[in-house]
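Below you'll find the structure, written out as C-alpha cells, and then a few comments.
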Amino acid sequence: MKFCSNCGAPVTIKVPPGDTLPRHVCDACHAIHYQNPRMVVGCIPEWEDRILLCRRAIEPRHGLWTVPAGYMENGETTFQGALRETLEEANARVEIGSLYALYNIPHIHQVYILFRARLLDTDISPGAETLEVRLFVESEIPWDRIAFASVRSTLTHYYDDRRDGEYRFHMGTIEPGPVKA
Ligand SMILES: [Zn+2]
C-alpha cells in the first residue's frame, strides 16, 4: 500500500501509539490501515463414494486440482461462502454439512475452513475459474496434481477417516516450503 484509501495521501509504515506492530498509517488523515488474514472457505462435495474436485483455470496452481473454495465475502457466513464458491467454480449445488478442517497458513496470511457437503445432483460443469470438474473415487484422486498442501492434507485425513468409519474435525498449520508430491 502506497496511498491512503481514505484520502489518497501517501502512507508511512510505523507503529501507531499503543500498538505493537508496524501498520500503514496515513500522513494526512492519520487513518490506520490494518491488514489481517483472509478466510478461504470451501467444501468437500460428496456423491456416493465420490468427491467433486475442480481443476484450476487460474493462478496460482493453474491446471491442478482442488476442492471448491475461495475467499469469503463480507456479509456472508462461512457456510454461505462455501456454498457460493461451489456454485461458482463447479456449478454444483450442495448441502453444507459439518465443519471438517481448519488450516492456519500464516506465511500467506490465510485461514482455510473446509466443510463436508452433500452434492444434490450430478449436473456439474466448470465455472469461469475452472478448467474441468470431475467426481473421483479414492483410487482416482490425482495426489501428485493437488493444488494446495491444505487440500492434500484435508483429503488424506478424509480417506483415513472414511476407513475408520468416523469423520473427525482436523486442525493444523501449513508451513512454508515446497509442495510435497
Ligand atoms: Zn488518509
Out of everything in segment 35-63 that is touching a strand residue (DSSP E or B) at 6+ places or on another chain (Cβ under 6 Å) and either within 16 Å of the ligand (Cβ to nearest atom) or part of a loop (DSSP other than H, G, I, E, B) (or both), what residue ends up being farthest from residue 120 (Cα to Cα)?
37
Check off (1) in contact (Cβ under 8 Å) with a residue 24 or more places away in the chain; (2) closer than 30 Å to residue 16 by Cβ; (3) out of contact with any Leu (no Cβ under 9 Å at 6 or more places or on another chain) for residue 40 and give me the number that stays unchecked.
(3)
Within segment 1-33, track down each residue that is part of a loop (DSSP other than H, G, I, E, B), within 14 Å of the ligand (Cβ to nearest atom) and not hydrophobic (A, V, I, L, M, F, W, C).
2, 5, 6, 8, 16, 27, 30
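All of the numbers you see were taken from the coordinates with simple rules; none came from a lab. Keep in mind it's a predicted model, so treat the numbers as computed, not measured. Cβ sites come from the backbone with ideal geometry, for glycine too, and all protein chains shown count toward neighbours.
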